[in-house]
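One structure is given here, and the rest of the page talks about it.
The values are calculated or read from the model by the stated rules, or taken from the named source; none is laboratory data. From a predicted model like this one, the values you see are computed outputs, not experimental measurements. Here Cβ is always computed from backbone atoms with ideal geometry, including for glycine, and neighbour counts include all displayed protein chains. Accessible surface is based on the protein model in full, side chains and every heavy atom, while ligands, DNA and RNA are left aside. Shrake-Rupley method; radii C 1.70, N 1.55, O 1.52, S 1.80 Å.
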Amino acid sequence: MSVQVRRLLLNLLLLLLVVGLGGVAWWQTSQPKTLPTTLLPLTRADITRVTINPQPGSDKPVLVRLERSGDQWQMLEPESMPANPARISQLFTLLDETVEASYAATGKDLKQYGLEPGNASLTLNEEILLFGAENPVSHKRYVLHQGQIKLVSEAVFGLLTGEALELVSRKLVPEGRQVKSLQLPQGHASKPETLQNWQMADAVRLEKLSGKVAGTGNITLTLDDGSSLVFSVLPQAGDLVLVNEAAGLRYTLPEPQRANLLPPAESSP
């Protein structure tokens with residue numbers, strides 16, 4: 001066989017190889033895409049009710065109930081308070097998580113998966129999710145839903161088992177309300193921007209109030225619906241600590257916020 005013939009055969013083989021690879025690539029790209037399975041067939045817009053049970057094995061668990069009205073979430077139990085939008089968003093990241101594995105719970109030892117009685121439960125509308133233990137290898141969590149044990153990655157378990165107060169809004173003024181007027185303690189005077197500063201004020205820490213407090217003065221915010229919010233200023237250096245005795249809450253704001261919310265009155269010449 002001549003060199004010219006061998007070259008021709010080699011070129012034909014290379015051409016067939018290229019055509020074959022191209023055909024495989026076309027077949028793969030033309031196949032319908034299978035979307036990963038998510039935990040629930042719900043979107044954020046579908047959900048109007050949330051119930052958290054941090055103690056599924058308890059006879060008298062302290063339930064956390066939240067409900068949406070329009071765009072606003074409200075905690076109904078254990079107390080009635082505006083909900084924290086950031087925490088609600090964190091809770092709903094669960095809707096985006098894909099199911100790594102799923103198998104029927106029938107005949108399985110649920111205790112082995114931490115699903116009897118379970119470590120926490122979350123109900124979104126009527127969909128009940130029971131959270132169990134973490135898989136020791138993958139560190140994904142076992143979740144029981146409609147008779148199926150599902151293995152998922154999640155970032156909400158700490159929120160389900162933490163203090164209910166974590167789900168309460170840290171804003172001093174409830175969402176949807178506007179501050180119409182402001183009264184500051186003696187020694188302070190409102191500036192043109194002070195009203196807006198109070199409107200936007202957001203605490204870095206929120207705590208339940210225990211016992212009576214002795215403040216150095218009161219701030220009264222009158223809202224657009226005619227209601228009022230009254231805060232007491234705690235006498236301490238550093239962070240600004242405000243108390244709303246009516247709500248039984250203590251708000252901690254970073255020190256730089258002090259001058260924004262409590263501008264000192266200008267001294268007379």
Evaluate the distance, in nm, between pseudo-label points positioned 7 Å from the Cα of SER227 and of ASP71 along their respective Cα→Cβ axes. 1.9 nm
The aspartates and glutamates whose Cα lies under 16 Å from the Cα of LYS191, excluding any fewer than 8 residues away in the same chain, are GLU266
Summing -39500 (n - 2.57) over the DSSP H runs of n ≥ 4 in the chain and dividing by its residue number, what mean residue ellipticity at 222 nm do you reach, to the nearest 500 deg cm²/dmol? -5500 deg cm²/dmol
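State which entries of LYS180/LYS212; LYS60/LYS212; LYS60/LYS208; LYS60/LYS171; LYS171/LYS212 exceed 27 angstrom in Cα-Cα distance in the structure shown. Walk me through the numbers on the way to the answer.
Numbers: LYS180/LYS212 29 Å; LYS60/LYS212 30 Å; LYS60/LYS208 22 Å; LYS60/LYS171 31 Å; LYS171/LYS212 22 Å.
The answer is LYS180/LYS212; LYS60/LYS212; LYS60/LYS171.
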Most fluctuating of PRO117, PRO235, PRO85 in the GNM of the chain (C-alpha, under 10 Å) is PRO235
Under 17 Å from the 7 Å Cα→Cβ point of GLN183, by amide nitrogen: which residues of segment 211-235? 215-233
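Exposed loop sites here are GluC sites (Glu not before Pro) in DSSP loop states with at most 11 other C-beta atoms within 10 Å. What is the longest stretch of the chain lacking them? Can you show the working numbers first?
Working: sites that count: GLU126, GLU193, GLU266.
So the longest stretch without any such site is 1-125.
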To the nearest 10 degrees, how steep is helix 3-30 against the longest Cα principal axis of the chain, on a 0 to 90 scale? 40 degrees
Which cross-chain or sequence-distant (5 or more) residues have an amide H under 5 Å from the amide H of ALA120, H modelled 1.01 Å from N in plane? PHE131
Segment 192-269, accessible surface, carbon-and-sulfur percent (1.4 angstrom probe): 51 percent
For LYS140, which lysines qualify as cross-link partners when the Cα separation must be under 23 Å and same-chain residues fewer than eight apart are set aside? LYS108, LYS111, LYS150
For segment 138-146, Karplus couplings with θ = phi - 60° (6.51, -1.76, 1.60), whole Hz, Gly/Pro x: 8, 6, 8, 9, 7, 10, 9, 8, 6
Along the charge dipole of segment 117-260, Cβ charges K/R +1 and D/E -1, which of GLY147, LEU249, SER121 sits furthest on the positive end? LEU249
Checked segment 172-233 against the a/c 1.5 cut and the a/b vs b/c comparison, axes a ≥ b ≥ c from its Cα gyration tensor; verdict oblate
Let me know the charge dipole size of the chain about its Cα centre in debye, to the nearest 20, where only the beta-carbon of Lys, Arg (+1) and Asp, Glu (-1) is charged. 820 debye
